[in-house]
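Chemist: One structure is given below, represented as structure tokens, and several questions about it will come after.
Read-outs throughout are calculated quantities, based only on the coordinates presented, and are distinct from any laboratory measurement. Keep in mind that what you see is a predicted model, and the values were worked out from it rather than measured. Neighbour counts are summed over all protein chains in view; Cβ atoms, including those assigned to glycine, are modelled from backbone coordinates with ideal geometry.
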Amino acid sequence: MNKPYSVACERNSGPILQVITPVLADTKSLLEIGSGTGQHAVTFARHLPHLQWQTSDRPEYHPGIMAWLDEAALTNVLPPLELNIGKSPWPERQFDAVFTANTCHIMAWQEVQLMFAGVAKALAAPGCFLIYGPFNYAGQFTSASNQQFDASLKQQAAHMGLRDIEKIIALAEQHGLHLQDDIAMPANNRLLVMTT
């Protein structure tokens, strides 16, 4: 099959890799929630050979992810698990880290809550949860482009939309996760580093 391709993944992979490389220096295993096309998994795993990268997503994305994995032929990326937040069971094993990109604003808020509950159980201690994407601060958009993006999301589905960072941090704290770093990224995105 033709590999799915995301321009956004291609564009943001370099900046994300630069930030997560030192954070994951001593990490052995990682679960990616919402692997999408599979581009992030291949790019990051290639540059982090010490790390076993576990992909996951809804079943309809698995063929595309496998197309990327088969072509890359990396030994440290695992085929995708079925993980549909709120519907699929979580993996029974634990991971040193969890990574997710551009999922919080796609999921319904209830699903975001369920994701944090699942991550808290899936993380070994000490562990870290890395979240990439756009967020609002003090209830305000950080840019006109983020405001436009939020409007376009809400046109697609009422449950979508940018989340307030304060609610994300409070939700994390409820599950024993603490914000260690909030890093500015290109295109008005952020990378949150949360630790157990």
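Chemist: Could you state the principal axis extents of the C-alpha atoms in the chain, from the largest down, to the nearest angstrom?
Modeler: Sorted largest first, the three principal extents are 43, 38, 33 Å.
Chemist: Next question, about the same structure. Using the Karplus equation 6.51 cos²θ - 1.76 cosθ + 1.60 (θ = phi - 60°), what ³J(HN,Hα) coupling, rounded to whole Hz, does each residue of region 106-112 give in order, writing x for Gly and Pro?
Modeler: 8, 6, 5, 4, 4, 6, 4
Chemist: Another question, then. Would you please give the residues with an amide H less than 5 Å from that of residue 102, counting only those at least 5 places away or on a separate chain, with H modeled from the backbone geometry?
Modeler: Under 5 Å from the amide H of residue 102: 132, 133.
Chemist: Compute the FRET efficiency between residue 153 and residue 117 as 1/(1 + (r/R0)^6), taking r as their Cβ-Cβ distance and R0 = 30 Å, and round to the nearest 0.05. Walk me through the numbers before you get to the answer.
Modeler: On the way: r = 23 Å, r/R0 = 0.78.
Step by step, r from the Cβ atoms, then E = 0.80.
Chemist: Now a separate question. Taking region 95-196, which trypsin sites (Lys or Arg not before Pro) meet the DSSP loop condition and have no more than 15 other C-beta atoms within 10 Å?
Modeler: Loop-located and lightly packed - none at all.
Chemist: For region 2-10, what does the Karplus curve 6.51 cos²θ - 1.76 cosθ + 1.60, with θ = phi - 60°, yield as ³J(HN,Hα) per residue in whole Hz, taken in order and with x for Gly and Pro?
Modeler: For region 2-10, the Karplus-derived couplings read 6, 5, x, 9, 10, 4, 4, 4, 4 Hz, x marking Gly and Pro.
Chemist: Check each of the chymotrypsin sites (Phe, Trp or Tyr not before Pro) in region 1-71 and keep only those in coil by DSSP with at most 12 other C-beta atoms within 10 angstrom; list them in order.
Modeler: Numbers: sites: 5, 44, 53, 61, 68; in loops: 5.
Here the chymotrypsin sites (Phe, Trp or Tyr not before Pro) that fit, given the DSSP loop and packing criteria, are 5.
Chemist: Next question. Amide H neighbours of residue 77 under 5 Å, counting only residues 5+ apart in sequence or on other chains, H built in-plane at 1.01 Å?
Modeler: 53
Chemist: Related question: Each residue of region 55-66 in order: what ³J(HN,Hα) in whole Hz does its phi give by Karplus 6.51 cos²θ - 1.76 cosθ + 1.60, θ = phi - 60°, with x for Gly and Pro?
Modeler: My calculation for region 55-66 gives 7, 7, 4, 5, x, 5, 8, 4, x, x, 4, 5 Hz in order.
Chemist: Mind listing the long-range amide H neighbours of residue 164? Cut-off is under 5 Å, sequence gap 5 or more, other chains count too, H placed in the peptide plane at 1.01 Å from N.
Modeler: Under 5 Å from the amide H of residue 164 lie the amide H atoms of 136, each far enough along the sequence or on another chain.
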